[in-house]
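Student: I'd like to ask some things about the structure below.
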Protein chains: 2
Amino acid sequence: MKTQIKGNYVIGDAEAVSALYDAGGFGRPRDSSLQLRFTEAAYLLSRNKIEIFKNGKETDFDSFIQFAAQQEEFFELKYIVYKDLKERGYYVQSSATDFRVYPRGSKPGKGSAKSFVFVRSERVPITLLELTALINEAQNVRKQFILAIVDEESDITYYDVKRADAVGSFEGEMPVPFLPEVKNKPSKAVLFKERIILADKEKADLLYKRSFFGKMMDEERLLLSLPEALYLAENNVLELFGMNGEKLSDEEFSKSASLIDSEFPRKYTIYKELKEKGFVPKTGFKFGTHFRVYRKVETLDKIPHSEFLLSVVPLEYEFKLPATSGAIRLANSVRKRMIYAADLGNKREYIEFERIKM
Amino acid sequence: MKTQIKGNYVIGDAEAVSALYDAGGFGRPRDSSLQLRFTEAAYLLSRNKIEIFKNGKETDFDSFIQFAAQQEEFFELKYIVYKDLKERGYYVQSSATDFRVYPRGSKPGKGSAKSFVFVRSERVPITLLELTALINEAQNVRKQFILAIVDEESDITYYDVKRADAVGSFEGEMPVPFLPEVKNKPSKAVLFKERIILADKEKADLLYKRSFFGKMMDEERLLLSLPEALYLAENNVLELFGMNGEKLSDEEFSKSASLIDSEFPRKYTIYKELKEKGFVPKTGFKFGTHFRVYRKVETLDKIPHSEFLLSVVPLEYEFKLPATSGAIRLANSVRKRMIYAADLGNKREYIEFERIKM
């Protein structure tokens, strides 16, 4: 079947509409002709379904993809992903977000697409803002957003990227029960270099055993992390002091904490919101993230697996895709969700990445 | 038992030597007295084994550790680790590399230490050069080098850090068998944006199926990564061309590759050495590392698990410990070794991290 390159399309005739669009969902009918994108045309050409002519001369596959790669940005990446999706048996349509993919059993003109697929090279970072814009675009028309990353060796990794509350509520089951005996008489705690010591056995026991705050240093003393200490001070459970016995206001403590950990303000904003949502956030150091987060910790004798790992990122964050890939892979390999959180000022965004098989 | 703070030590008398050193391996005898480091003294004080006097006045535990933390850098971290090692039943001696740890069943004055333990906060990066100096120090006296990282919540993660050839040879089993039919007539391959297309079915088959180079794009074409292509060109298996048909020398190709991936020169040096050692390096994108490396790939029908993950780092690299922790955790969770490689100019260093339980 003969087709012609015209501008950014490869054009087929009425016969192409019935053979390729009606039967296979390729291209878009325009008047009585068929518009094929370069990716579609390359795929059809590689399977000998069409011949492509350019200025009256037939072009072979290698020449065509070189031509297409010069005309269209990221053609080679899109072709790799398009081909993969087709070989997996999907109907795929080109769109603003690279591709619309139809659910199995459906196709263009029959049902509606289920997912938007956006294609990226592992070498090109994606900013948080770009990503949330893409998610919004898909969410507004109730589509799943899929990020397809093509790696150095042309393998594709697919990620379902969504807001963490897109599937069910994003809430824990541990509203902090500050018992009156914990709350009404704040205990003295001392900022001891990078950590905080609470030397009050009774309160230490209550905070550690009931709410999983801190880590016991010995029988009597609890070591708290910086966010834990500030959260407890703000809730009037602790009074904070410096090593020389000076009282520290919450603001003074925050300032000291920020000198110890420059990311502290950002991390604390998220820590606090997670606590208010009823989660139990603890450090994610062992996983290379800021937090590991439990939905509920009923007893310390049997600490459950944490449900997700969370990294707090600034608004101007760029996802460097190899590092992001590693983080998601680790989370998934220990059966946890991987979430990135950012403070937008008026609200917090929680973006979840899940590696999926198409 | 009474002891006195003197300078950077807590000093006990002859009775302390027999009760603490002879029986428990604490401190170091000096003349007829016992020198305790602050960590040891704090530990003994917390267990009510000693009383500590400062200028004739007894000091309690909280005051003592505050004093010690002001006198000795990282005292609080060392104390946390010292206490943990003691509670696990080890004999521990202070040394230049923080601690010497004796194997179970042995103790100071009886056998010799097995490991050097170096303590660090997760917040303080460690440079590659500092780390190799520490490994050398341990290796020179045939000790194991252990890095103990104290995280934000005072949990400790222990890593056995060593050269990758410290346990058995660091070699693969796949000397590249460039058959005469592959090598003698270099095939044309084209740099197609970020990847290389070899459109020679026979050679593509041989390279892919026999040596696991690249990934088949379709029945006839092999997609190669930048390091694969350069390696094959250097071995006269390929001739490289640009998209406009211009021949590329190995140097010209390297230059183009470095524009696509600024880390290319560093990565290629290691890639090439790994190939020469008989390994099969492939991209580690899915794991967030530069390479995943196989010892042997006999057949593509049954690709074995890769043996290690490898990241290539510059000489001036700083390990940011949370990220390093995540990388090692991921490698271990998929049962692979985690190795960092750097080019020192005259040789390449391969440093392996393994998380261990003490």
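Student: Given the condition basic (Lys, Arg) and over 30 Å from B:Asn236 (Cβ atoms), answer yes or no: does some residue in region B:161-182 qualify? So that I can check it myself, show each step before the final result.
Tutor: Applying the first criterion (basic (Lys, Arg)) to region B:161-182 yields B:162-163.
Going one step further and asking which of them are over 30 Å from B:Asn236 (Cβ atoms), we end up with B:162-163.
There is at least one residue in region B:161-182 that is basic (Lys, Arg) and over 30 Å from B:Asn236 (Cβ atoms).
Student: I'd like the full set of residues that are within 37 Å of the chain's Cα centre (by Cα) and open to solvent by 10 Å² or more (accessible area, probe 1.4 Å), limited to region A:25-38.
Tutor: A:Phe26, A:Arg28, A:Pro29, A:Gln35, A:Arg37
Student: Collect the residues in region A:232-252 that are buried (at least 22 other Cβ atoms within 10 Å of the Cβ) and either within 31 Å of the chain's Cα centre (by Cα) or part of a helix (DSSP H, G or I) (or both), keeping them in residue-number order.
Tutor: A:Leu232
Student: Another one. Every residue in region B:308-344 that is over 16 Å from B:Arg355 (Cα atoms) and free of Cβ contacts under 8 Å to residues at least 40 places away in the same chain, please.
Tutor: Result: B:Ser311, B:Leu344.
Student: For region A:97-210, which helices (runs of 4 or more DSSP H) that fit wholly inside it have 1 or more residues that are within 14 Å of chain B (Cβ to nearest Cβ) and under 24 Å from A:Phe253 (Cβ atoms)? I'd like the intermediate steps shown before the answer.
Tutor: Numbers: elements: A:128-140, A:180-183, A:201-205.
Those helices (runs of 4 or more DSSP H) span A:201-205.
Student: Same structure, new question: Please go through region A:39-76 and give me each residue that is within 11 Å of chain B (Cβ to nearest Cβ), touching a residue at least 40 places away in the same chain (Cβ under 8 Å), open to solvent by 20 Å² or more (accessible area, probe 1.4 Å) and closer than 19 Å to B:Ala199 by Cβ, ordered by number.
Tutor: A:Phe67
Student: Assess whether A:Glu276 counts as being over 24 Å from the mean Cα position of the chain (by Cα), of a type in the set (Asp, Glu), open to solvent by 50 Å² or more (accessible area, probe 1.4 Å) and more than 13 Å from every other protein chain (Cβ to nearest Cβ).
Tutor: Working: over 24 Å from the mean Cα position of the chain (by Cα): no; of a type in the set (Asp, Glu): yes; open to solvent by 50 Å² or more (accessible area, probe 1.4 Å): yes; more than 13 Å from every other protein chain (Cβ to nearest Cβ): yes.
Against the criterion (over 24 Å from the mean Cα position of the chain (by Cα), of a type in the set (Asp, Glu), open to solvent by 50 Å² or more (accessible area, probe 1.4 Å) and more than 13 Å from every other protein chain (Cβ to nearest Cβ)), A:Glu276 does not qualify.
Student: What single numbered condition from (1) under 30 Å from A:Ser112 (Cβ atoms); (2) outside any loop (DSSP other than H, G, I, E, B) fails to hold for A:Ile65?
Tutor: Going through (1) under 30 Å from A:Ser112 (Cβ atoms); (2) outside any loop (DSSP other than H, G, I, E, B) one by one, A:Ile65 breaks only (1).
Student: Please pick out the residue among A:Ala133, A:Ala148 that is under 30 Å from B:Ser262 (Cβ atoms), open to solvent by 30 Å² or more (accessible area, probe 1.4 Å) and within 16 Å of the chain's Cα centre (by Cα).
Tutor: Values: A:Ala148 fails: open to solvent by 30 Å² or more (accessible area, probe 1.4 Å).
Just a single option satisfies the conditions, and that option is A:Ala133.
Student: Looking at region B:82-96 only, could you name the residues that are open to solvent by less than 20 Å² (accessible area, probe 1.4 Å) and within 14 Å of another protein chain (Cβ to nearest Cβ)?
Tutor: Residue satisfying the conditions is B:Tyr82 alone.
Student: Please determine, by comparing only the residues of region A:310-358 that are over 14 Å from the mean Cα position of the chain (by Cα) and at the interface with chain B (Cβ under 9 Å from one of its Cβ atoms), which one is farthest from B:Arg292 (Cα to Cα).
Tutor: If we take residues in region A:310-358 being over 14 Å from the mean Cα position of the chain (by Cα) and at the interface with chain B (Cβ under 9 Å from one of its Cβ atoms), then A:Val334 is farthest from B:Arg292 (Cα to Cα).
Student: Please determine whether any residue of region B:158-175 is open to solvent by less than 60 Å² (accessible area, probe 1.4 Å) and of a type in the set (S, T, N, Q).
Tutor: no
Student: What are the residues in region A:211-231 that are surrounded by fewer than 19 Cβ atoms within 10 Å (Cβ to Cβ) and acidic (Asp, Glu), if any?
Tutor: Of everything in region A:211-231, those that are surrounded by fewer than 19 Cβ atoms within 10 Å (Cβ to Cβ) and acidic (Asp, Glu) turn out to be A:Asp218, A:Glu219, A:Glu220.
Student: Those residues that are open to solvent by 70 Å² or more (accessible area, probe 1.4 Å) and more than 10 Å from chain B (Cβ to nearest Cβ), I need them from region A:253-264; list them, please. Walk me through how you get there before you give the answer.
Tutor: Start the filter on region A:253-264 by keeping residues that are open to solvent by 70 Å² or more (accessible area, probe 1.4 Å), which leaves A:255, A:259, A:262.
Answer for region A:253-264, where residues must be open to solvent by 70 Å² or more (accessible area, probe 1.4 Å) and more than 10 Å from chain B (Cβ to nearest Cβ): A:Lys255, A:Leu259.
Student: Could you go through region A:318-332 and let me know if any residue there is under 22 Å from A:Phe279 (Cβ atoms), out of contact with any strand residue (DSSP E or B) (no Cβ under 7 Å at 6 or more places or on another chain) and of a type in the set (Val, Ile, Thr).
Tutor: So the first thing to find is which residues in region A:318-332 are under 22 Å from A:Phe279 (Cβ atoms), and the list is A:327-328, A:330-332.
Those left that are additionally out of contact with any strand residue (DSSP E or B) (no Cβ under 7 Å at 6 or more places or on another chain): A:330.
Next cut, of a type in the set (Val, Ile, Thr) only: none.
Checked region A:318-332: no residue is under 22 Å from A:Phe279 (Cβ atoms), out of contact with any strand residue (DSSP E or B) (no Cβ under 7 Å at 6 or more places or on another chain) and of a type in the set (Val, Ile, Thr).
Student: Among the candidates A:Phe213, A:Phe170, which residue alone is closer than 25 Å to A:Lys336 by Cβ, touching a residue at least 12 places away in the same chain (Cβ under 8 Å) and out of contact with any Phe, Trp or Tyr (no Cβ under 7 Å at 6 or more places or on another chain)? Give the steps one after another, and end with the answer.
Tutor: Details: A:Phe170 fails: out of contact with any Phe, Trp or Tyr (no Cβ under 7 Å at 6 or more places or on another chain).
Exactly one residue qualifies, and that residue is A:Phe213.
Student: Sticking with this one: Does region B:203-210 include one or more residues that are over 30 Å from B:Leu315 (Cα atoms), surrounded by fewer than 23 Cβ atoms within 10 Å (Cβ to Cβ) and at pLDDT 95 or above?
Tutor: No, there is no match, as no residue in region B:203-210 is over 30 Å from B:Leu315 (Cα atoms), surrounded by fewer than 23 Cβ atoms within 10 Å (Cβ to Cβ) and at pLDDT 95 or above.
The values are calculated or read from the model by the stated rules, or taken from the named source; none is laboratory data. For clarity, every value in this text was computed on a predicted model and none was experimentally measured. For neighbour counting, all protein chains shown are included, and Cβ atoms are generated from backbone atoms with ideal geometry for every residue, glycine included. Surface accessibility is based on the protein's heavy atoms, side chains included, excluding ligands, DNA and RNA. Shrake-Rupley method; radii C 1.70, N 1.55, O 1.52, S 1.80 Å.
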